[in-house]
Every structure is written in structure tokens, then in C-alpha cells.
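The values are calculated or read from the model by the stated rules, or taken from the named source; none is laboratory data. It should be emphasised that the depicted structure is a prediction, and the values quoted were computed from it without experimental measurement. Cβ coordinates were reconstructed from backbone atoms using ideal geometry, including for glycine residues, and neighbour counts include every protein chain displayed. Just the protein is used for accessible areas: all its heavy atoms, side chains included, with ligands, DNA and RNA removed. Shrake-Rupley method; radii C 1.70, N 1.55, O 1.52, S 1.80 Å.
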Amino acid sequence: MVSRDKPWLFRTYAGHSTAAESNKLYRSNLAKGQTGLSVAFDLPTQTGYDSDDQLARGEVGKVGVPISHLGDMRTLFQGIPLAEMNTSMTINACAAWLLSLYIAAADEQGADRAKLQGTTQNDIIKEYLSRGTYVFPPAPSMRLTKDTIIFTTQHLPKWNPMNVCSYHLQEAGATPVQELAFALANAIAILDTVKKSGEAEGKVFGEVVGRISFFVNAGMRFITEMCKMRAFVDLWDEICINRYGITDPKQKLFRYGVQVNSLGLTEQQPENNVYRILLEMLAVTLSKKARARAVQLPAWNEALGLPRSFDQQWSLRMQQVVAYETDLLEYGDIFDGSVEIARKVEELKEEALAELARIDAMGGAVAAIENSYMKQQLVESNTRRLENIERGDQVVVGVNRWTETEPSPLTTGEGAILTVPEHVEPEQIARLKAWREARDAKAVAAALADLKSAAQEGRNIMEPSIHCAKVGITTGEWGKCLREVFGEYRAPTGVGRAARIDSQGLDTIRKDVDRVSEKLGRRIKFLVGKPGLDGHSNGAEQIAVRARDCGMEVVYEGIRLTPAEIVNAALEESVHVVGLSILSGSHVPLVRDVMDRMRAEGLSDVPVVVGGIIPPEDEVQLKGFGVAAVYTPKNFELNRIMADIVDIVDREAQKAA
């Protein structure tokens, strides 16, 4: 019988509504042949808030599962033996806390900590650049990452304490060269932090390097993407040897998981996304030298809303067909010796090394965060990508070419996407309040005092956090305690103030902006706001950039604003129009809140437009609140959106005249 390589771990990124509902989903997926878990947490959990916090309103259970305390974690993994499971947790600013809850739950199961396998993403640098679930400033955030690395190296030797995550960099617009360079600069910053601490010397540091893993993205240009992965393998090997003196082949191995590109999934003709996902997967499975250790595929309909269990099953079956029905795993690396592949890999490596040198000259990745260099580069790259799609230079089937289509039977009817019921949030809050009331108040106070002391004194945060988990501390209490010690942070937006001169196709819109501005007696002023905890700011940034380039005055203060803060900014800045960007599924309660506050402040004459992943029935509801226009991923032509906004402001000005 022909020998075959062992397939990669099969995962789906999952979690929604409640711990109990997510547990049902996990057990169902495992029964279907999934071989690892990938946990999606809701935004309050990711940013260190309890489900009843003001900032959590409308966000509970929307993009993931709410985990407020050990009871939730216990329910999440009920009937799943953690000593036998490989669990990936997409958690960053609060990684130390969620790992502590996981360890506490495993202890309750009687699991040997040394047998726990899995990954905490724990990559704070990319949160400042793209995903936005950061909490603390860079220095204490890097310290927390270091603490988890040191702790797991000593006590959870099979655990990957950090996943250097370039996935979200590509989602934010990174080119293959930027994805390579920024991710490797990130890894260097983390390892330098650990080395500088003096807590991992000699052989221990080698073990630290050996447990660092990566989480990458793979887009539609799958030949280039496969070459990127081969470049990653080579560059990481060189960095381990030349910078850190690591020569053990196992320790310097480039180990990575992947979720293929969700940015390229389209709302228009979404059935085409099935082919896109499969082709993107080839980039990380075809080359044995650079094959992923774990693969999770998005669902075909993620541009429409939350996928159903069936949709996730479809993506899982795709992996299983490739792994078990084809002969892919029967061969060595089929690209070794290819002149074309070698040429492209060397080209990517050369350009990535040049970018790494630029970042190093600035003082490394953290410095390049604080001076906004990397963020600005991503915003500019994403601007170019969108402009290429708008102009038709980058073909997207069903979007800017071959748009004529038959109605899809896959996207119609009740239940075509998963929706989180309104009762989920109040029920989660009721359980949270009951949990608090049942605790030992003295034990809680003592544990929080020790946690605070550990943060202040520089002691490793993990053991105090595990103790906090076991006495019933909540996610919001842990987050509040560390916020009091470390403070909070607002990352640079990457959106400059000066308009570009070279923007194509804007002459007509600029003239309209000038015309309407003259009518108003001052420049059109546009407030772009992101209410709630959604940190995916790419769309808001591109709207702000394009509005600025059209000649509008733009007010954009970044992510994570309350409805009250947005309305207050609209009042103080005397804006002519407000744009809200919400991608977390919480658009209905957040927009309702903003509109109510606008009316209460006498701003009912200031039009509001909304963008996000918004189902048609929700669009009707938002317009019922008084929203002037709603934009979804199908509205990819930013110039048309700008023209709409100018017309909306013009019509409002005519009403007031």
C-alpha cells in the first residue's frame, strides 16, 4: 500500500450565542470528522469586558461565544476531554486570562497540564495594525505575552503560547511582501522581549523558539501565496540561526496554521466563493515543504452573515476530500527543482528582507506601531487594492465582470444565514449576575488584590490569573484590574489628513463637493464612526481616506466608541453627515441607540449612513430608524458611495434652506 503523509488538523472557526450552544456545535463538528477546535470569542470577551458592561451592549454572542467566567468555560467544553483535544483560541489582549480559564477547566477535568495541546493567538502587535481588539499599551501588552510564553514553556510544554498572526494583515490590505516582513518583525519583537527578560536562558530559550507558531492567510493568487509560504520557511530558518543561534531542526521549524482569505469572499454571486476557498487552500497544502499544520476554511456565505452548521460542514468536507480522496499526501514536494518557483521565492525573500531592514532601523515592530509606519503602509496598500477592483484592473468574477446572474436558491428563504436571537444577551447577563452572587466575596477580593500586586511588581501574571479563575473572577473584573495598572491605549488610525493629488476618477465628485460646500458656507464635514467593540476598521479607514481625497473634511477617531461619544463628536464638530461602520452583527441595537441620541440632541437634520454586513431585512429596519442609506460588501465602488453622500448632504441642505 502506498505510504501517505498524515493530514493537517481540520478546524472550523466557531462559537456563537452561548457557551451551551457553542458546545453543541463543537461536538457536532467533531462527530463529522473535525480533528481540532478553533474557538471564536465574542467582542466583550476579547476586549476584557463582562456581558453586562455598557460597551458590550448589542455585542454579546454575536461574533463568538461569551465567556465571562469559569462556569462559561466549563460549559463550553462539557463532554470534551481537554487532555485529548487540540484547541486553538483566537484571543489576544486577554490571552493570559482565557488561557487561565482553560487551564482551570482542564484542572477540574483532572487533565494533566503537560498533556494540554493547542494555541493561544496572543499576537498583540497585529491587533494594533488590523483587528483592533487591543486593550493595553504596547509595553505591558508585550509583558503579558512574555508571561504566557514563560509559563507555558515551564508547565504546558505542548502548548503554542503565541501564534504570530499575519492573517489579519492580509485582511487589512497587506501585500505578500508586507505579510512576510511585518509578521517576521512581529516574531522578532516577541523573541527579543523574552530574551531581554532573562527568564529564558540557554536551552530554555530554544524551547521558547520551538513553541512559537504562525497563523497565515492565503489569497486567490495561489501560486504567489504558495511561494510566500516557502519564503516564510526559508526566512524563519535564517532568523533562527543568524539572530538567535538556534540550530536544532525541530526548534527552528516554521510551524503554521491557516485560514484562507475571507477578504476576497463576495456578497454578489456568493456561490463562487466555494471555488475561491478551494483554490486558496491549495496554496497551503500543495507544497510539502511549506504545508500547513492546521487548516480552517471560512464558509462560502460569510460575506452575507454568520454561517450555519451546514455551511461549516461544507468547508470541512472540502478539506476531507482533498486530504483523503486525492493523492496529494503520497508525494514529496512537487515544486522542488522548479526554476520559476525558486525565482519567485527569492524575489519575495529579497523584498521582505529589505522591508525588515527598514523596520529594524526604526527600532523594531513596536516602534513601527507607535510611529504609525506599518499602519499607514497597510491603509495605502488596501486603498490601491480597492482602486484596482473599482477600475477593473483586478477582476473579481460576479463583482466587476460577468455580473449577470441567475437567482441563487442557496441564499433565499428563512434561515439562509444564522442570526443570534435577541434573548441571548439578557439571558447571559442574568447568568452572570447569578454567578457573581454565588461567589465567596472575600476570596474574590483577595485574588484580585494579588492579581493587581503581580501586575505592579512584575511577577508572572499566569498563576494569579489561574487562581482568579478558580475563585470566580469574571472577565470584566480581570480586565478592569489590569486596566487600572497598565492603562488603556488607542492605536494610530493610519489615516492621514492631507488629500492625495493622484487619485483617479475623482474630478467630478470633487467639483460636487466644492459646489455643495459653497452652498453650505463651509467644507462638507463627514464624521466616520465605529460604535461598539468591533475593531475591524479597514472599511471605515477606506471610507475616511476616500472622503478626504474627494475634498471633504473628515473626522475619524478610530475604533471602539460608544454611541454617546459619536453623537457628542457630531455635535461638537458640527458635522454635515455621520457614517457608521459595524461589522460585528450588532448594527440594529447600536444604530437604534445612535439615532435616538441624535434626535435627543437636536441633530435629526444630520443624515446618518451605515455600512457593514447587513442582511436585507435589517436594512429595512435601519431605514425605519431614519438611516439615509445602507451599504454592504456589494457596494464596492467607493466613488459611488461618495457621490451618494454628497447628494444626501445636498438634499438635506435644500430642505433646511
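Quick rundown of the values:
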item: Candidates GLU425, GLU463, GLU484, GLU414, filtered to the one that is part of a helix (DSSP H, G or I), closer than 30 Å to GLN313 by Cβ and either under 29 Å from the mean Cα position of the chain (by Cα) or in contact (Cβ under 8 Å) with a residue 12 or more places away in the chain (or both); result: GLU425
item: Count of residues meeting criterion [over 19 Å from the mean Cα position of the chain (by Cα), closer than 20 Å to GLY173 by Cα, open to solvent by less than 60 Å² (accessible area, probe 1.4 Å) and aliphatic (A, V, I, L, M)] in region 341-365; result: 5
item: Matching option when the condition is outside any helix (DSSP H, G or I) and either hydroxyl-bearing (Ser, Thr, Tyr) or surrounded by 16 or more Cβ atoms within 10 Å (Cβ to Cβ) (or both), among GLU201, GLU280, GLU267; result: GLU267
item: From GLY505, GLY472, residue being open to solvent by 30 Å² or more (accessible area, probe 1.4 Å) and on the phi > 0 side of the Ramachandran plot; result: GLY505
item: Residue, modelled with the highest pLDDT, within region 484-498, restricted to residues that are crowded, with 18+ Cβ neighbours inside 10 Å and of a type outside the set (Ser, Thr, Tyr); result: PHE486
item: Total residues in region 596-630, condition farther than 18 Å from GLU422 by Cβ and either of a type in the set (Phe, Trp, Tyr) or assigned to a helix (DSSP H, G or I) (or both); result: 6
item: The one condition in (1) more than 21 Å from the chain's Cα centre (by Cα); (2) open to solvent by 10 Å² or more (accessible area, probe 1.4 Å) that PHE77 fails to fulfil; result: (2)
item: Verdict on ASP440 being in contact with a helix residue (DSSP H, G or I) (Cβ under 6 Å, 6 or more places away or on another chain) and either within 30 Å of GLU390 (Cβ to Cβ) or surrounded by fewer than 23 Cβ atoms within 10 Å (Cβ to Cβ) (or both); result: no
item: Per-region count, region 446-460, residues surrounded by fewer than 11 Cβ atoms within 10 Å (Cβ to Cβ) and either touching a Phe, Trp or Tyr at 6+ places or on another chain (Cβ under 9 Å) or not in a loop (DSSP other than H, G, I, E, B) (or both); result: 1
item: Residue satisfying condition, being under 28 Å from HIS587 (Cα atoms) and in contact with a helix residue (DSSP H, G or I) (Cβ under 7 Å, 6 or more places away or on another chain), within set VAL260, VAL274; result: VAL260
item: Any hit, region 86-95, residues being in a helix (DSSP H, G or I) and open to solvent by 10 Å² or more (accessible area, probe 1.4 Å); result: no
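Rundown of residues vs (1) out of contact with any Asp or Glu (no Cβ under 9 Å at 6 or more places or on another chain); (2) small (Gly, Ala, Ser), yes/no style:
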| residue | (1), (2) |
| --- | --- |
| MET595 | yes, no |
| ALA600 | yes, yes |
| GLY612 | no, yes |
| GLU617 | yes, no |
| VAL620 | yes, no |
| GLY624 | yes, yes |
| VAL627 | no, no |
